[in-house]
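Reviewing the structure listed below.
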Amino acid sequence: MIFDAISRPQGLDAWWTKRCKGEPRAGSMYCFHFSEAFEWTAEVTGVDPGRLIEWYFTDAEPDWTGTRLRIELIPEGAQTWISFEHEDWQDDNAHFRHTSFCWAQYLRLLRMWVEDGTSVPYEERSRA
């Protein structure tokens with residue numbers, strides 16, 4: 001369930017994207033749709049089914065293009081920890097700081113989705 005939430009379109013749409021397409025397979029391309037103005041593309045550069053997914057953004061906002069997003073699941077007893085990295089930013093600018101803040105919000109939404117099946121409608125996520 002947790003791997004599906006971080007790697008499959010249906011799971012990602014429940015907490016992050018408005019709509020996405022892709023397959024958790026090395027070399028596969030994902031399309032992350034947030035709005036007409038924000039439709040980004042990334043290549044899967046790392047995958048270990050059930051444990052890890054990594055994307056390299058090839059077409060996105062200028063600050064996101066060339067960045068790498070890596071999510072790893074680390075089981076520990078009855079719990080699963082998430083190691084989350086969004087790296088290779090060129091500048092520590094306002095967009096970097098805004099994205100860091102938004103990731104905190106989105107990871108909270110991921111937790112809600114995984115733990116109790118709560119999916120906040122896309123249009124309401126910034127206020128959730």
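Within the stretch 55-76, track down each residue that is of a type in the set (Phe, Trp, Tyr) and assigned to a loop (DSSP other than H, G, I, E, B).
Trp64
Looking at the stretch 14-40, which of the residues that are touching a strand residue (DSSP E or B) at 6+ places or on another chain (Cβ under 9 Å), surrounded by fewer than 19 Cβ atoms within 10 Å (Cβ to Cβ) and within 23 Å of Gln105 (Cβ to Cβ) is modelled with the lowest pLDDT?
Phe38
Enumerate the pairs (first residue in the stretch 90-114 and touching a residue at least 12 places away in the same chain (Cβ under 8 Å); second residue anywhere and basic (Lys, Arg)) with beta-carbon separation below 7 Å, excluding pairs fewer than 6 apart on the same chain, so at least 6 apart or on different chains.
Close Cβ pairs (under 7 Å, with a partner that is basic (Lys, Arg)) amount to Leu109/Arg125.
Can you name the residue in the stretch 56-81 that is among the aliphatic types (A, V, I, L, M) and loosely packed, with under 15 Cβ neighbours inside 10 Å and, of all such residues, is nearest to Glu39 (Cα to Cα)?
The residue in question is Ile74.
For Ile53, are the conditions met, namely being closer than 25 Å to Met1 by Cα, crowded, with 16+ Cβ neighbours inside 10 Å and modelled with pLDDT of 95 or more? Steps first, please.
Values: closer than 25 Å to Met1 by Cα: yes; crowded, with 16+ Cβ neighbours inside 10 Å: yes; modelled with pLDDT of 95 or more: yes.
Here the answer is yes, as Ile53 does meet what is asked.
Just give me the residues in the stretch 74-99 being among the acidic types (Asp, Glu) and within 17 Å of Met1 (Cβ to Cβ), in sequence order.
Glu76 - this is the single residue of the stretch 74-99 that is among the acidic types (Asp, Glu) and within 17 Å of Met1 (Cβ to Cβ).
The values are calculated or read from the model by the stated rules, or taken from the named source; none is laboratory data. Remember, predicted model here, so these are calculated numbers, not experimental data. Reconstructed Cβ throughout: ideal geometry from the backbone, glycine too, with neighbour counts over all protein chains shown.
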